[in-house]
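Following: one structure in structure tokens, then a few remarks.
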Amino acid sequence: MDIFSPFEENQDQLSPNRNIAPLTAALDQEKRLVVGGCRLSKLAEDYGTPLYVIDELTVRASCREYRDSLSKYYPGDSLPLYASKANSSLLLSSLVASEGMGIDVVSEGELITALKGGIPNDKIVFHGNNKSKDELLLAYKNDVKIVLDNQFDIDQLKEIVEPGSKKARLILRFTPGIECHTHEYIKTGHIDSKFGFDPDALNDIFIQLKDIEWGELVGLHAHIGSQIFEVEPHRDLAEVMAKALQKGRELGHSLDILNVGGGLGIRYTSSDDPPSIGHWVEVISNAVVEACNKRSLQLPFLMCEPGRSIVGTSGLTLYKIGSRKEIPGLKTYVAIDGGMSDNPRPITYQSSYTAFLVDRPLAKTNEIVTIAGKHCESGDVLLNDFPLPICSSGDVLAVFSTGAYNSSMSSNYNRIPKPAAVIVSENTSEMIQRRELPEDLLRNDILPDRFMENVR
């Protein structure tokens, strides 16, 4: 297939988070959208819609830029971890593992997915602000590093680890008290956060964890938020963490690991201008080195936890257009066969996106429409007052930058089955998650015998 130039000019080949479309997005001879060499309308025909599409090349490019940038800018040892909450699957676990990355997980399900996807146990970090005993036990038995988020974690681990057994490897999370400009719901660094120990409590926690028989404190973790375009907060974070590192080492802890979290934003619309992966890593690396050198501290093993900026712009979602409602002088609604169940971000965060008709991406936009989902909620709107060419029922719409927090936050609202997902690479598509069927939604339902007489 002859491929023309991508429809998005001046793509950043090293830092995909600065693009809207996947790196392989292009036009075929008929000027139809192609990703990974696969025509998008053909994918919709073959797999149905809604359909999540992941471009393998874009994911790999993002992973390599994090890995290579850490090697370039940080003089000590380092490891980028993929934040699996962004999009968790066996495929993505296997893919990031093949790129030499680790992973962070927040539940038993994410942990099992990481283990079965081939992530080495020593490259897994287990987070969460309310871990169950079963989750902690699974992490402990698999030699996964456990992030202590609160006293509850400490108390439960005391009960889990038997005397004389191997020690749990622990990373202490604290709130750094740093504000940044992002959505209120995804700020995690300020003091009023459900995550991590209060910084004023660190000294007491360090003392409490000194010489414990059941665990070994090996590192510190802090995180300032998500979808962040600023770099200055990360400089502040390095200073705060180096100060805590010094205190912990003075109190007898080895503290070899410093995990600075993630949070780098991506480009959803043309107005978004996130820093590149390389620049983000450079700022953090230099800040950690400077803060440690100022205190004569041996450089720690540096970890970071990108999620959105790894997988966000690698993904897109395909929908088929259905009904149309015109309100003269007010608004035109165009409905798609998905909505808030496969992408809850617009109704949750008022998020904006970029979209195209896949077989007419260059057509003149001659009407303003509101792309509505099919769910029984007035707020189920994917794109509000969005310019599109005149479209008809059956046309396929692609919404870009949906690789992060779409599949992972999807639901069965209105008992709508979750979409299938495919990965595309070198003119080939492969299914990585099958489409749910309506009958799948009944698999956990139980109808008591006394109601059976009403069954048809």
Exercise. Based solely on its DSSP helices, what 222 nm [θ] is calculated for the chain when runs of n ≥ 4 H residues each add -39,500 (n - 2.57) and the sum is averaged over all residues, nearest 500 deg cm²/dmol?
Worked result: -7500 deg cm²/dmol
For this session: Report the calculated FRET efficiency for Asn130 and Asp68 (r = Cβ-Cβ distance, R0 = 45 Å), to the nearest 0.05.
Result: 0.80
Problem set entry | Nitroxide proxy distance, nm - points 7 Å out along Cα→Cβ at Asp445 and Glu30 | 4.1 nm
Seminar exercise, completed: Per the rule of 0.36 nm per residue minus the C-alpha distance, extending Ser408 to Asn10 adds in nm 140.3 nm
Problem set entry | Relative frequency of Cα-Cα separations exceeding 30 Å in the stretch 127-305, percent | 20 percent
Exercise. Tell me, how many Å apart are the Cα centres for the stretch 302-349 and for the stretch 407-456?
Worked result: 19 Å
Exercise. Any idea what the dipole of the stretch 109-156 comes to, in debye rounded to 20, about its Cα centre with Lys/Arg Cβ at +1 and Asp/Glu Cβ at -1?
Worked result: 180 debye
Exercise. When the dipole is taken about the Cα centre of the stretch 127-305, and only Lys, Arg (+1) and Asp, Glu (-1) are charged at their Cβ, what size is it in debye, to the nearest 20?
Worked result: 440 debye
Exercise. Sorted by average packing, counted as other Cβ atoms within 10 angstrom per residue and highest first, what order do 10-21, 387-398, 220-231 take?
Worked result: 220-231, 10-21, 387-398
Problem set entry | Above-threshold pairs, the threshold being 23 Å between Cα atoms, out of Lys123/Lys166; Lys166/Lys247; Lys85/Lys116; Lys85/Lys133; Lys167/Lys210 | Lys166/Lys247
Exercise. Which percentage, to the nearest 5, of the DSSP beta bridges contained in the chain is antiparallel?
Worked result: 45 percent
Exercise. With +1 on each Lys and Arg Cβ and -1 on each Asp and Glu Cβ, how big is the dipole of the stretch 354-434 about its Cα centre, in debye rounded to the nearest 20?
Worked result: 200 debye
Exercise. Where both partners of a DSSP beta bridge lie in the stretch 127-305, what percent of those bridges are antiparallel, to the nearest 5?
Worked result: 5 percent
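Bear in mind that the values in this text are calculations on the coordinates, not laboratory data. Keep in mind that this is a model prediction, so the values were computed, not measured. Positions of Cβ are backbone-derived with ideal geometry, glycine not excepted, and every protein chain shown enters the neighbour counts.
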